[in-house]
């Protein structure tokens, strides 16, 4: 009993100078970022970071500095030549999603009273109780320090790691479902894939329903499962937003320019593969790690993707030569079969398009990609429009 009291007293002394032991986001004040309440900061700071980070990438694009240009994934002309939605509409739809996200967050996130209770809780007593738990595994002198470190740093680090895992699991599952289901892809996820050349402020360009399910619900679920405080939620939501912007930024920076690559292999180059026609059924993982792609066999590395693109280009060349060699025959056949039933023409189109896609796509993915109605800019209807969407049309 005497030893426990000694440990508790030592732990209390170790936890007393909060400014020296607690993370900065646990500063003992009512608002972390006054005059915003913590709840409002958790909702508004990610939006501010989204547009500030996007502005940074926009400046890089506009300045076109040679030093950074060597890391650009696509030529500037590709943005207008290949994308099927205007930047103005992208910005407007992102703003709509952020308004809806904020409204849902106001209802779902804990109130200011809960946040203040978390900040001004009896942290010293909690550290003292933890010291008693770790006492059998550490000396009497080390137990209080170990308890303070676990309370302020060790356990929060595990919380963030678990939140990242939950967010990745949620987004991988839903993201892949939005691709596997023709209905979901056609009516919802195809909006995001109108950006064949991603750019930073298009990171959250989604159908509003998908945005709420994939991004808003994923962040809320990760926050809940990791049992985070409101202030931890500020960090989680803001960092995941920043990471998403970087993954759509269009630059494959090396590690010495972007140290995040040391911890998160899911980066702009990795996600860019998914936005290309040949990579639509790969690299579903986002926004942190790639282990779900590895586990379920959907990972596509940059080198392998380059080989697939080359194979597709070679097959396209063969397809084009065959088309040119039989141009007269096709013209005659077209005249003779002008009244051919629609199902036959559709089947012929599908065979030709599958031949064009080649090794990069299987039958199911081709059908999914081509599912839709004529006139929808996300749907390929013939070889010419396919070449335009894939960025391989003749100049």
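Before moving on, here are some points about what is shown:
- Two-site label geometry, residue 100 and residue 138: point separation in nm, points 7 Å out along Cα→Cβ: 4.7
- Each residue, residue 225 and residue 291, gets one label point 7 Å from its Cα in the Cβ direction; the gap between the two is 1.2 nm.
- Placing a label point 7 Å from the Cα of residue 48 along the Cα-to-Cβ direction, the residues of the stretch 81-112 whose backbone N falls under 17 Å from that point are 99, 102.
- Multiplying the residue separation of residue 120 and residue 77 by 0.36 nm and subtracting their alpha-carbon distance yields 10.1 nm.
- Share of alpha-carbon pairs per 5 Å distance bin for the stretch 80-173, given as whole %: 2, 10, 10, 11, 14, 13, 11, 9, 6, 5, 4, 3, 2, 0
- Take the Cα of residue 24, step 7 Å toward its Cβ, do the same at residue 186, and the gap between the two points is 5.1 nm.
- For the stretch 29-295, the alpha-carbon radius of gyration amounts to 1.12 times the rule-of-thumb value 2.2 N^0.38 Å expected for a compact globular protein.
- Subtracting the Cα-Cα distance of residue 112 and residue 63 from their residue separation scaled by 0.36 nm leaves 13.4 nm.
Since every read-out is calculated from the coordinates, none of them should be taken as a lab result. Just so you know, these numbers come straight off a predicted model, no measurement behind them. All Cβ positions, glycine included, derive from the backbone under ideal geometry; neighbour counts span all protein chains shown.
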